[in-house]
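Here is the structure we will look at.
The values are calculated or read from the model by the stated rules, or taken from the named source; none is laboratory data. Predicted, not measured: the structure shown is a model, and the values here were computed from it. No Cβ is skipped: glycine too gets one built from the backbone with ideal geometry, and neighbour counts run over all protein chains shown. We work out accessible area using only protein heavy atoms, side chains counted, and drop any ligands, DNA or RNA first. Shrake-Rupley method; radii C 1.70, N 1.55, O 1.52, S 1.80 Å.
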Amino acid sequence: MIFWLAVGRGGFLVCEWLSRNCNISIILFRPSQWSHFKVQFPVTARRSDNTSDSSALGYNYRRHLSERFIEALLFLTAFVSVAITLAIVAMLVTESLSFFEHVSLWEFLTDTQWTPLFDNAHYGILPLVSGTVVSSAVALLVAIPMGSITAIYLSEFAPFTVREVAKPCLELLGGVPTVVYGYFALLFVTPLLQKIFPELPGFSLLSAGLVMGIMIIPYVSSMAEDAMRAVPMHLREGSYAMGATRFQTAVRVVMPGAFSGIAAAYILGISRAVGETMVVAIAAGMQPNLTWNPMEPAATITAYIVQVSLGDLPHGSIGYQTIFAAGLTLLLITLVFNIIGHLLRKRFREVY
Amino acid sequence: MSDARNLREIRAIIARHKLGDMIFLVTGLLVLMIAVLTFIALFSHMLIDGLPRLSWDFFTSFPSRRPGSAGILSAWVGTTLVMIVTAAAAVPLGIGAGIYLEEYAPKNILTEIIEINVTNLAGVPSIIYGLLALSLFVHQLGFGQSILSAGLALALLILPIVIVATREAIRAIPVTIREGAYALGATKWQTVSDHLLPYSAAGILTGIIIGLARAIGETAPIITIGALTFIAFLPPSPFKEEFPYISFEWLMAPFTVMPIQMFNWVSRPEEAFQVNAAAAGLVLVVMTLTMNALAIYLRYRMRKNLKW
């Protein structure tokens, strides 16, 4: 595989990467210095011709070359993120393509059953999507109001000391492993909810969604709060001078001013909820179920991937490929939300 | 007369608005309390269930069919080894990328693509990284369901965290430091390695700790690459009797980690195993909370005594 990549200031980096034996050779040159192209690496090999008249020049030259080498190396580390994205897309698409050779896209999108591991196999993604949508909706109904209120409170109302204590606490809340939240949902929240709704089954989208919502609050609130704190003080002061109260200022001046950041926080919350795995895998059951009722057990896309991975499906089988098709669906859903978020940010960005 | 009535009306409006303020103040505190109370409920529930189970034997026993004698030895050893791989991969890559984007990157399309990529990668669900690792590391590169695959998967996952932390830490250093170094004839790399990296070390460390804390608790990607849940043996030791004393066989060994062990116990119906899950969860939460608290404390220290 050969990448031809432009590096700054008209330089070029040719990176020939033989992935099998990890043989990496890098050649650096600039168009204005074509003659240097013939210089062989490593440069230290030229130390021997250290003649007196050219030693200063040689030193500078070596210095320049090693600087370029380091820059190229750093560029490669930065390029890893692009490579990861490309690898994710390439991997999901190729594995899904071989899945769609067996299953038509129409069946995938419209069939109402998802039973790829049964003898009578059905490949309809709808039950998984409905599970994902319901659990995310419950989570967001908790996380968005509570996250917003927390953000407004911390940014506009809370005294300094409360904020200094509350922010790290919320951050710690966001650091608890998701598998622990799953345990909490299954063994604490579900029994608690069963006291209120006696007909609630042991696995339900409701308890998974509620716990997921609590889990997402710190993400939403800290990002929304940052956005609100970035609104300049003089806007608030103008509002107070007009006789507005704190609450009016927060809702009518600060929130519109920070809208793009708050929207980004909501979008982040949505992608978290959609991509969350362990809570739903533990507390919502793993049975694909086309339902819009949060009181029922159902599997989400992520829970299905976990369920298949726990078994031992042979590489290349249709069951193995289904998790990549499910993963591609998941990535597309989060991608749509990210694009919406990007557009919202662009549309409502305020520059102070 | 009408003036007095107006005044009364205005006072009523003011009182109403102030009441609105008060109501929101109380709501805000209440919501904050709910979030914190949930955490306290979570922690105490696990403490009550799990604490009696915590003993020396719990840390030094392998998982077992009998819940009473099961332990987390293979799980915490696995977690430690996976974290070593993750740190070894994510730290150099993340710091390198952060330095490049902050100090070297020219303003062009490629840089912009890289930046957008870093932002987007932070929003990719963790299980997608698991699928990537399953396809790329486990099957295509042939690493198998090993510590190496898991460590690399988690490294990719926390890479954006390390990159962002590095960038923020480097950006906070005033430009005068760089100009001073350049004025003395230092090259760019000399400036970076002798000045910028030491000054931003605390900030970068904070990011690394937060990233690793996230990686320790991450379950989904490791399940996806097919880690076994029942491992009653340890990976080969990294130290050997004879030359070269260090072996890397453990990289390719099958493994289990703390969150997977906990998941396995939670999903069993017997109550005795769920007590084990609570104990394992307690250890896990204490581990991640300690790391996060350390990071928060480091950041607090940094904010308090800025050196310039």
*Among B:157-169, A:228-240, A:122-134, what's the highest-first ranking by average C-beta atoms within 10 angstrom per residue?*
B:157-169, A:122-134, A:228-240
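Any idea what diffusion coefficient segment B:55-304 gets from Stokes-Einstein, in µm²/s, Kirkwood Rh on alpha carbon pairs, 10 °C, 1.306 mPa s?
Taking Rh from Cα pairs, D becomes 80 µm²/s.
Carbon and sulfur together cover what percent of the accessible area of chain B at a 1.4 Å probe radius? Walk me through the intermediate numbers first.
Values: 9910 of 14650 Å².
Taking all protein chains in place, chain B shows 68 percent carbon and sulfur surface.
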*Does a label point 7 Å from the Cα of B:I14, set along Cα-to-beta-carbon, have any residues of segment A:223-253 with amide nitrogen under 13 Å, and which are they?*
A:243-245
*Write down the accessible area per residue of chain B in Å², having rolled a 1.4 Å probe over the full set of protein chains.*
48
*For the pairing of chain B with chain A, what total accessible surface becomes buried, with a 1.4 angstrom probe, in square angstrom to the nearest 100?*
7000
*Pop out a list of residues from segment A:127-147 that are at least 10 Å² less accessible with all the protein chains around than in their chain alone; 1.4 Å probe, no ligands or nucleic acids counted.*
A:M146
*Return, ordered by residue number, the residues of segment B:175-200 whose backbone nitrogen is under 15 Å from a label point located 7 Å along Cα→Cβ of A:H64.*
B:187-188
*Report the FRET efficiency, 1/(1 + (r/R0)^6), for A:L235 and B:T290, where r is their Cβ-Cβ distance and R0 is 45 Å, rounded to 0.05.*
0.65
*Within the accessible area of segment A:126-348 (1.4 Å probe), percent carbon and sulfur*: 70
*asked:* At 7 Å along Cα-to-Cβ for each site, give me the label-to-label distance between A:T291 and A:H122 in nm.
replied: 1.6
*Kindly identify residues of segment A:59-84 having a loss of at least 30 Å² in accessible area between the isolated chain and the assembly of all protein chains, probe radius 1.4 Å.*
A:R63, A:E67, A:I70, A:E71, A:L74, A:F75, A:T77, A:A78, A:V80, A:S81, A:V82, A:I84
*Using the Kirkwood radius built from alpha carbon pairs, what does the Stokes-Einstein equation give as D for the protein assembly as shown at 37 °C and 0.692 mPa s, in µm² per second?*
120
*10 Å Cβ neighbours from other chains, averaged over peptide B:253-266*: 3
*Just report the Cα centroid separation between segment B:122-182 and segment B:25-57, whole Å.*
32
_Give me the one-decimal nm value for the distance between modelled label points at A:Q248 and B:R303, 7 Å along each residue's Cα-to-Cβ direction._
3.2
*Can you give the average number of partner chain beta-carbon atoms within 10 Å of each beta-carbon in peptide B:146-158, as a whole number?*
1
*asked:* Distance between the C-alpha centers of segment A:138-187 and segment A:298-323? Whole Å please.
replied: 32
_Calculate the FRET efficiency for B:E168 and A:C169 from the Cβ-Cβ distance with a Förster distance of 22 Å, rounded to the nearest 0.05._
0.50
*Please sort A:294-307, A:103-116, A:257-270 by packing, taking for each peptide the average over its residues of neighbouring beta carbons within 10 angstrom, highest first.*
A:294-307, A:257-270, A:103-116
*Name the residues whose placed amide hydrogens come within less than 5 Å of the amide hydrogen of A:W114, ignoring near sequence neighbours (fewer than 5 apart) on the same chain.*
A:G124
*Just for the Cα atoms in segment A:297-352, what are the lengths along the principal axes, largest first, rounded to whole Å?*
56, 28, 14
_Rolling a 1.4 Å sphere over the protein heavy atoms, what is the accessible area per residue of segment A:126-348, to the nearest Å²?_
37
*Mind ordering B:97-107, A:313-323, B:174-184 by average Cβ neighbours within 10 Å, highest first?*
B:97-107, A:313-323, B:174-184
_Just checking the output field for B:37-46: average partner chain Cβ neighbours within 10 Å of each residue's Cβ?_
5
*Please give the FRET efficiency for B:S69 paired with A:D312, using the beta carbon to beta carbon distance and R0 = 30 Å, rounded to the nearest 0.05.*
0.65
*May I ask you to find the residues of segment A:289-321 that are shielded by at least 20 Å² of accessible area once the whole protein assembly is considered instead of their isolated chain (probe 1.4 Å)?*
A:I305, A:V306, A:S309, A:L310, A:H315, A:Y320
